[in-house]
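Working notes, beginning with the structure itself.
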Amino acid sequence: MKKKIAVFSVGCSNQILGKYMKGIKLGTEDISVDVYLFLCFASATDGDTRADGELNIFNLPNLNDFDGALVLGSSINTPRALEEIDKRCKEANIPVIYTGYKTEDGYFVGIDNYYGAKQLCEHLYNDHGIRDFFFMAGSKGNMDSEMRLKAFQDVLSKNGSELSEDKYFYTDWSPRAAILFIEEWLENNKKLPEAFVCANDELAVIVCEELRKNGIIVPDDVVVTGFDNVLYGQVYDPSISSVSQQFDKIGYESARMLLDLLDGKVVAKERIINCKFIPGKSCGCTEGIGTVSIRKDICRNRFMDDMFNSAFYSKLSIMERQMMKGTSYDDIRNNYKVANDMFNYYEGKSYHIVLDPLYRAKITNLETEYEMSGYPEKMDVFFSLDEGNYACYDDFDVRQIVPQVSNPEENHLFVCAPLHDEGARLGYIVFVDDYEKVETSLMMGTYTERLSLILVRFQQAVYAKILKDKLSSES
């Protein structure tokens, strides 16, 4: 019997997520399974209302319909969301495998963050003679960030030094927070440390860029290091000294552990993947042999990437112009199909948009109140495309999640992302069998955000016209 696996993640670290999902694909290719990725774009810097609107997608699946779950907990910076996922998995009596988050009785696959950060710190301390560190942390309480910070504190303590509270800063993984912090540091003419140690490569690149813009050379004036060893850290100049997490292996091992549990096998609570410190130019070492080749590949692909990005944003503009025409729910539904027929550049051959019936009601009555969490039992299939087969209809049973599926006997990936107006649910979108979209998931976040805004603006425009016509008739 075909299995169903739910995966929960935030999509802000798209390179990590892409590797993780490809590992899951490899780990499940020998069995009959559908993987449902419930993906949102909530960040630690979002207000609670918007974050709730994003995180609501985690409430979409009825976990009684699933055989097991995988959680990329390192991406989810909202403890209550992780606790709720854990609670619902227990209520459904299905096994769940975590990465980047641990529960007392849960299963875990990950790297030894502590060991990787310790390798990095000892390299800087012993090989480069660095004594003055400043740590750019992620989110307070985030397991990965805290273990990396603790490794540095322990190495320094062992050598008779310390990393006091004024020597680290919590960025909440926000590039903007890192930029503002470095700007303030430089404006106040504070003495630079010997090394800025960053909790991930994105923060490291941001710090390097802010320093470069102010005439500070890395590594000549200050060393900068990261963590994760993602592509943009490798191709940045100077290449970022980092720690490889091997998220493809983490995804693979998570999938295999889950399948072992489903087969009734006795499984250890933890599987730890080896990590490795990767020196780069940003700490003064020689960069890896493959870095030049990677940079050449990036340069070769730049033109096509620019073409794709240009087409993507053109698609969004066409979609908005077309959808804003008309004055009824049928109009916006039909006009979305027209926009898709005109220019389907991003969405692909199979995807589905499912809306809360309250959206249609609110078009003619703005006093209609949206629900803030969960999804109703019946929803409207606003648009459904499956290998060229188009459909739209009402009263869709939301437990099915996907309105239509070609070749149900084959393995599929369904990526489900939320549509919402701040904290109020509008519905969700499902992209089918497209792992490349996961690797560029930030684009998916842009698409869903733009579509949500268009839906709300249309609603407001129609209601404004209704009010105007009413006032005109009364006068």
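The values are calculated or read from the model by the stated rules, or taken from the named source; none is laboratory data. Small disclaimer: the values here were computed from a predicted structure and weren't measured. Cβ placement follows ideal geometry from the backbone for every residue including glycine, while neighbour counts extend to all protein chains displayed. Only protein heavy atoms, including side chains, enter the accessible area calculation; ligands, DNA and RNA are left aside. Shrake-Rupley method; radii C 1.70, N 1.55, O 1.52, S 1.80 Å.
One table, with the values for the structure above:
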item	result
Signed unit charges on C-beta, dipole axis of segment 338-475, positive-most listed residue 445, 407, 432	445
Fraction of beta bridges assigned by DSSP in the chain that are antiparallel (%, nearest 5)	40 percent
For segment 1-112, accessible area per residue (1.4 Å probe, heavy atoms of protein chains only), Å²	37 Å²
Carbon + sulfur, % of accessible area of the chain - ligands and nucleic acids excluded, 1.4 Å	48 percent
Under Karplus coefficients 6.51, -1.76 and 1.60, residue-wise ³J(HN,Hα) of segment 208-221 in Hz, glycine/proline x	4, 5, 5, 5, 4, 5, 9, x, 9, 9, 9, x, 4, 8
Chymotrypsin sites (Phe, Trp or Tyr not before Pro) within segment 215-305: DSSP coil, no more than 13 neighbouring Cβ in 10 Å	none
Sequence-separation-based contact order of segment 384-475, relative, with Cα cut under 8 Å and 6+ spacing, percent	18 percent
Prolate/oblate/rounded label for segment 141-255 (Cα gyration tensor, a/c 1.5)	oblate
Taking N as its residue count, the alpha carbon Rg of segment 342-475 over 2.2 N^0.38 Å	1.18
Listed residues 48, 228, 434 arranged by accessible area, highest first, probe 1.4 Å	48, 434, 228
Rounded accessible area of residue 257 (nearest 10 Å², 1.4 Å probe)	0 Å²
Student exercise, the chain dipole from Lys, Arg, Asp, Glu Cβ charges, in Debye to nearest 20	520 debye
Positive-pole candidate from 316, 245, 257, dipole of segment 243-319, charges at beta carbon	245
Shape parameters for segment 46-97, alpha-carbon atoms, Rg then Dmax in Å	11.4, 33
Eligible aspartates and glutamates near residue 25 by straight Cα distance, threshold 12 Å, same-chain separation 8 or greater	34, 248, 253, 433, 434
Radius of gyration and maximum dimension Dmax of segment 231-270, Cα, Å	16.2, 49
DSSP-loop GluC sites (Glu not before Pro) across segment 337-389, with at most 13 other Cβ within 10 angstrom	367, 369, 371, 377, 387
Solvent-accessible area per residue, Å², over segment 169-231 with all protein chains present [probe radius 1.4 Å]	44 Å²
Rounded to 10°, Cα long-axis angle of helix 113-122 versus longest principal axis of the chain	40 degrees
Length-normalised contact order for segment 1-134 - Cα pairs under 8 Å, 6+ apart - percent	24 percent
Net charge over other residues, Cβ less than 13 angstrom from the Cβ of residue 117 (K, R count +1; D, E count -1)	-2
Reduced Cα scattering model of the chain, Debye log10 I(q)/I(0), q = 0.06 Å⁻¹	-0.30
Convex hull volume per residue in cubic angstrom - Cα atoms of segment 232-329	209 Å³
Relative contact order of the chain, pairs being alpha-carbon contacts under 8 Å that are 6 or more residues apart, as %	19 percent
Close Lys-Lys pairs in segment 133-236, where close means Cα under 14 Å and separation is 8 or more or interchain	5
Residue 465-residue 305 pseudo-label distance in nm [points 7 Å out on the Cα-to-Cβ vector]	4.2 nm
Lysine pairs meeting the criterion (Cα under 27 Å, 8 or more apart or interchain), as found in segment 334-475	11
Per DSSP, loop trypsin sites (Lys or Arg not before Pro) in segment 350-424 with at most 13 further Cβ within 10 Å	none
Between 0 and 90°, nearest 10: helix 291-323 axis offset from the chain longest Cα axis	30 degrees
